[in-house]
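**Q** Below: one structure in structure tokens.
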Amino acid sequence: MLAGKNITVGIAGGIAVFKVAQLVSNLAAGGAEVRVMMTRAAQEFVRPLTFQTLSGHQVYTDLFERPAGGAVRHIELAACSDLIVLAPATANIIGKIANGIADDLISTVVMAATCPILVCPAMNVNMYNNRVVQQNLASLRDLGYYFVEPGVGRLACGTKGRGRLADVDQIMDEIKSILAVGGDLRGLSVMVTAGPTTEPIDPVRYLTNKSSGKMGYAVADAAARRGARVLLISGPVALNPPPGVEVIYVQTANEMYSAVMDSFSSVDAVVMSAAVADYRPKTAAKQKIKKHEDTLTIELEKNPDILAELGKIKKHQVLIGFAAETEDLEKNARQKVEGKNLDMLVANDVTLPGAGFGTDTNIAKLVYPDGRVISLPKMDKLFLANYILNELLVLRKGGKADLL
């Protein structure tokens, strides 16, 4: 998996630099071509000679160094990289990249790169929890950067908490995961729905749900990274669209129904992760409803079941649905798979910690028409998105996947 891959490791200044020596050694032993960049601060902890010996290549430390032939170093490194790994990623380098600052070799290479970038934060727990740092991390996540979260334990400063560089094995697993999926959806068209719908009561009020859209956006992001042409049909969310994805914004269930139906015949697969309202007010008031009586009755009528309608008319398409449940998860999921003619259903119990709306993680069960249920552990939503897409490929071939 690593053989022949060009991996550039950007090392910033932190005590965790010593761990990165083992990472570089493992990457090189796996057959990767490893180039190392170091900040001036990183060189205070470990000399470049260490990484030169482990990688078998020159270590790059100077933005203005010109290689033979007059090439521009940061452009050359960015262009030749299949993956850039930032480890340890300090608060400083994270802040630079999140705010578009390119004033040293590492930040400049990142700004010029088009390949995936894996960020491995490591710092003091108070620095990590600082609102500015968390905001910068959130910005990079929204932009599609990959992350291996720091571990919890005793830090070099003597305090305890989250901030330790993740274990090398964990970083290696994520590197392999990123490199394994590149381009395998090329040539496919995937439609993804995401977020809630809003059903107006009057001009200022509406019915909705707690969906943040994070799961659907993660699926769209992962599919685009893997080469698919992606159409994302999104309800109202506070998220930036993933790069390279076509987006249609809708508000109501009827608007989502129309957008989905208009494009369904031209796609190869649909992942319906949107939380579409089951009901809408039968009549929306044209003016704001005033507070007169002690009670207010609003008559509701049923919205179209988009997933069920797709199940009736699908031909070559792979149809994957989502179900958020609070009880009898497997029973309800099996009924939906059968009743809506799905190829797979991703079901989750939103009452579990780490699996509810708005979280960055999910705990899912994959349910199939033949009765199989695969239980997945709690994982980042982007990880789960790639699991789903792995199975999408298998379903297109009419097979079964052993995901774990």
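Rundown of residues vs (1) in a strand (DSSP E or B); (2) modelled with pLDDT of 95 or more, yes/no style:
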| site | (1), (2) |
| --- | --- |
| Ile75 | no, no |
| Ala79 | no, no |
| Lys96 | no, yes |
| Ala102 | no, no |
| Cys115 | no, no |
| Val119 | yes, yes |
| Met127 | no, no |
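**Q** Just for segment 129-141: of the residues that are outside any loop (DSSP other than H, G, I, E, B) and polar (S, T, N, Q), which one is farthest from Leu77 (Cα to Cα)?
**A** Just the residues of segment 129-141 that are outside any loop (DSSP other than H, G, I, E, B), to begin with: 129, 131-141.
Next, only the ones that are polar (S, T, N, Q) stay: 129, 134-136, 139.
Working: Asn129: 32, Gln134: 28, Gln135: 28, Asn136: 24, Ser139: 24 Å.
Among residues in segment 129-141 that are outside any loop (DSSP other than H, G, I, E, B) and polar (S, T, N, Q), the one farthest from Leu77 (Cα to Cα) is Asn129.
**Q** As an exercise: evaluate Tyr217 against (1) farther than 17 Å from Gly321 by Cα; (2) crowded, with 24+ Cβ neighbours inside 10 Å; (3) in contact with a strand residue (DSSP E or B) (Cβ under 7 Å, 6 or more places away or on another chain) and give the number of the one condition it does not meet.
**A** (1)
**Q** Looking at this structure, is Arg164 among the basic types (Lys, Arg) and farther than 26 Å from Gly321 by Cα? Show your work before the answer.
**A** Values: among the basic types (Lys, Arg): yes; farther than 26 Å from Gly321 by Cα: yes.
For Arg164, the condition - among the basic types (Lys, Arg) and farther than 26 Å from Gly321 by Cα - is met.
**Q** Looking only at residues that are among the hydroxyl-bearing types (Ser, Thr, Tyr) and more than 17 Å from the chain's Cα centre (by Cα) in segment 115-168, which one is surrounded by the fewest Cβ atoms within 10 Å (Cβ to Cβ)? Before the answer, list the steps.
**A** Within segment 115-168, the subset among the hydroxyl-bearing types (Ser, Thr, Tyr) is 128, 139, 145-146, 159.
Checking which are more than 17 Å from the chain's Cα centre (by Cα) leaves us with 128, 159.
Numbers: Tyr128: 21, Thr159: 11.
Out of the qualifying residues, it is Thr159.
**Q** Next up: What are the pairs, 6+ residues apart or on separate chains, where a residue within segment 241-256 that is of a type in the set (Ser, Thr, Tyr) has its Cβ under 7 Å from a residue that is part of a loop (DSSP other than H, G, I, E, B)?
**A** These pairs meet every condition: Thr252/Thr197; Thr252/Thr198.
**Q** In addition: Leu63: in a helix (DSSP H, G or I), of a type outside the set (Phe, Trp, Tyr) and either modelled with pLDDT of 95 or more or within 16 Å of Leu105 (Cβ to Cβ) (or both), yes or no? Can you show your working first?
**A** Numbers: in a helix (DSSP H, G or I): no; of a type outside the set (Phe, Trp, Tyr): yes; either modelled with pLDDT of 95 or more or within 16 Å of Leu105 (Cβ to Cβ) (or both): yes.
Considered against the rule, which asks whether it is in a helix (DSSP H, G or I), of a type outside the set (Phe, Trp, Tyr) and either modelled with pLDDT of 95 or more or within 16 Å of Leu105 (Cβ to Cβ) (or both), Leu63 comes out as no.
**Q** So, in segment 186-214, how many residues would count as being more than 14 Å from the chain's Cα centre (by Cα), crowded, with 20+ Cβ neighbours inside 10 Å and either among the hydrophobic types (A, V, I, L, M, F, W, C) or in a loop (DSSP other than H, G, I, E, B) (or both)?
**A** Matching residues across segment 186-214 total 7.
**Q** Here is a further query. Looking for something in the same structural domain as Gln251 (by TED's automatic domain parsing), acidic (Asp, Glu), at pLDDT below 95 and touching a Gly at 6+ places or on another chain (Cβ under 8 Å) - is there at least one such residue anywhere in segment 163-176?
**A** Quick first cut of segment 163-176, residues in the same structural domain as Gln251 (by TED's automatic domain parsing) only: none.
No, that holds for no residue.
**Q** Sticking with this structure for a sec: For segment 13-40, which residues satisfy the criterion of being in contact with a strand residue (DSSP E or B) (Cβ under 6 Å, 6 or more places away or on another chain) and part of a loop (DSSP other than H, G, I, E, B)?
**A** The answer is Gly14, Ala16, Ala32.
**Q** Could you tell me whether any residue of segment 360-368 is assigned by TED's automatic domain parsing to the domain that holds Pro242, in a helix (DSSP H, G or I) and modelled with pLDDT under 90?
**A** Within segment 360-368 (the criterion being assigned by TED's automatic domain parsing to the domain that holds Pro242, in a helix (DSSP H, G or I) and modelled with pLDDT under 90), the answer is no, since none of the residues qualifies.
**Q** Restricting to segment 247-275, name every residue that is of a type in the set (Gly, Ala, Ser) and either assigned to a strand (DSSP E or B) or not assigned by TED's automatic domain parsing to the domain that holds Lys214 (or both).
**A** Residues of segment 247-275 that are of a type in the set (Gly, Ala, Ser), as a first pass: 253, 258-259, 263, 265-266, 269, 273-275.
Hits for segment 247-275 are Ala269, Ala275.
**Q** How many residues does segment 265-287 contain that are hydrophobic (A, V, I, L, M, F, W, C), farther than 23 Å from Lys210 by Cα and under 24 Å from the mean Cα position of the chain (by Cα)? Give the derivation first.
**A** The first filter runs over segment 265-287 and keeps only residues hydrophobic (A, V, I, L, M, F, W, C), leaving 267, 269-272, 274-277, 284-285.
Narrowing further to those that are farther than 23 Å from Lys210 by Cα: 267, 269, 285.
So of that shortlist, the ones also under 24 Å from the mean Cα position of the chain (by Cα) come out as 267, 269.
Adding up the residues that qualify gives 2.
The values are calculated or read from the model by the stated rules, or taken from the named source; none is laboratory data. For clarity, every value in this text was computed on a predicted model and none was experimentally measured. Neighbour counts run over all protein chains shown; Cβ positions are idealised from the backbone, glycine included.
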